[in-house]
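Take a look at the structure below.
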Amino acid sequence: MDDLRERYIAAIAAAADEAGLEEIRLAALGRKGEISLQMRELGRMAPEARAAAGAALNALKDEIDAALRARREALADAALDERLKAEWLDVTLPARPRRTGSIHPVSRVTEEVTAIFADMGFAVAEGPQVESDWYNFDALNIPPEHPARQEHDTFFMARAPGDGRPPHVLRTHTSPVQIRAMAERGAPIRVIAPGRVYRMDMDQTHTPMFHQVEGLAVDRDISMANLKWVLEEFCRAYFGVDHVELRFRASHFPFTEPSAEVDIRCSWEGGALRIGEGESWLEILGSGMVHPKVLAAAGVDPDQWQGFAFGMGIDRIAMLKYGIPDLRAFFESDLRWLRHYGFAANAVPSLAGGLGG
Ligand code: PHE
């Protein structure tokens, strides 16, 4: 029996897989297995010898059974280890290089404009894009029957039927922020208000949503001369040229009196735009002295205070400075366009660091 034990325990330890173990089990404990056959012999033994041999055989059977189970588990563990090794993945490997995002030209130019005007003492003011009819029109001296309302190609918000009040609008310009800023901060005040505006218009130079920056300076003795200097100073810094020439053309806006549209001297020679030289003029903004009714609507006494205001197209001056031909492409989210015209995220514009493209 000792011999049986030794043989089977050694065979079990040497078995390489599940099938090998099964063979051993059948050879020992199967119906015709060695141990089963010996069990059958017990019947022919004398009662005393049978009791001793029976107990020993049963113990041997249990021992082989346990050894088989232990070996089966060890083989399964080893197989799992094998598989884990084969499927191992080094997550500490560096990731594949991926292009980082970029700053949209509109965001970039808004930052540039903000930096330049901040240097001249202008704070940033904001207002909602869904604006009340009063802020967008009435307070800016555009009463309901005024023809300028039609010219604005306004988007109207829906009202509950039978509401009776005028509908809100998507602001058609940033000028309502003049009213909000003055009502909130009073005079004297110096603010710019960059943001989105909306008009029902779409071609190569117009999109239904675009960006403006409003400027407003109110004090006791502000004149058109201050407006002219501020705008020239802005253009010098923004376009990065020492010499700029602006042309003020008499115009009309209900919220300024007098009003002027401002053109900048430029050249298109050889297909490249140069600012400050040449024989062409490019319109870049509308401006004027804030109308007394506008000051009054915002709670500022027009007998004591006066000021200038201007509104400039951000997308437009971005196109000029960075040579971007089609406005519609600004808002199509085409990755190739964004990669080409976008700016590195860590290149924050500042006057000291330079604003150049
Ligand atoms: N709000 C005007 C526009 O959108 C621009 C403007 C602003 C003109 C301020 C004068 C003063 O066309």
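The values are calculated or read from the model by the stated rules, or taken from the named source; none is laboratory data. Everything numeric here is computed off the predicted structure, so don't read it as measured data. For neighbour counting, all protein chains shown are included, and Cβ atoms are generated from backbone atoms with ideal geometry for every residue, glycine included. SASA here: full protein model, heavy atoms, side chains in, ligands and nucleic acids out. Shrake-Rupley method; radii C 1.70, N 1.55, O 1.52, S 1.80 Å.
With the convex hull of its Cα atoms as the shape, the chain has an orientation-averaged projected area of 37.6 nm². On a C-alpha basis, how far is the centre of segment 286-347 from the centre of segment 36-106 in Å? Whole number, if you could? A separation of 74 Å, based on Cα centres. Can you tell me, using C-alpha contacts under 8 Å and at least 6 residues apart, the relative contact order of segment 104-344 as a whole percent? In percent, rounded to a whole number, it is 21. Can you tell me what percent of all Cα-Cα pairs in segment 2-86 are more than 22 Å apart? It works out to 35 percent of all Cα pairs. Springs between Cα atoms under 10 Å define the GNM used for the chain, and in it the highest mean-square fluctuation of Met202, Met45, Met120 occurs at Met45. Restricting segment 253-329 to GluC sites (Glu not before Pro) that sit in a DSSP loop and have at most 16 other Cβ atoms within 10 Å of their own Cβ leaves Glu277, Glu279. Just checking the listed ones, Gly33, Gly311, Gly323: in the Gaussian network model of the chain with Cα springs under 10 Å, the one fluctuating most is Gly33.
Helices in the chain, meaning DSSP H runs of at least 4 residues, each add -39500 (n - 2.57). Divided by all residues, the mean residue ellipticity at 222 nm is -12500 deg cm²/dmol. The residues neighbouring Leu170, those whose beta-carbon lies less than 13 Å from its own, together hold a net charge of -1 under the Lys/Arg +1, Asp/Glu -1 convention.
Of the solvent-accessible surface of the chain, computed with a 1.4 Å probe over protein heavy atoms with every protein chain present, carbon and sulfur atoms account for 53 percent. Accessible surface area normalised per residue over the chain is 56 Å², counting heavy atoms of protein chains with a 1.4 Å rolling probe.
Rounded to the nearest 0.05, the FRET efficiency derived from the C-beta distance between Asp221 and Ser333 at R0 = 51 Å is 0.60. Coupling constants for segment 73-83 follow from the phi torsions by the Karplus curve (6.51 cos²θ - 1.76 cosθ + 1.60, θ = phi - 60°), and in residue order they are 5, 4, 5, 5, 4, 5, 4, 5, 4, 4, 5 Hz; glycine and proline get x. Both the radius of gyration and Dmax for segment 200-283 are 15.1, 47 Å, in that order, over alpha-carbon atoms. Ordered by 1.4 Å accessible area with all protein chains kept, Asp65, Asp221 run largest first as Asp221, Asp65. Taking chymotrypsin sites (Phe, Trp or Tyr not before Pro) across segment 221-268, the ones in a DSSP loop with at most 16 further Cβ atoms lying within 10 angstrom of their Cβ are Trp268. What net charge is computed for the residues neighbouring Ala16, neighbours being all others with C-beta under 14 Å from the C-beta of Ala16, Lys and Arg scored +1, Asp and Glu -1? That works out to -3. His252 sits with roughly 120 Å² accessible to a 1.4 Å probe, with DNA, RNA and ligands left out of the calculation. Largest accessible area first, the residues Arg69, Arg171 order themselves as Arg69, Arg171 under a 1.4 Å probe with ligands, DNA and RNA left out.
Rg/Rh for segment 33-74 (Cα atoms only, Rh after Kirkwood) is 1.12.
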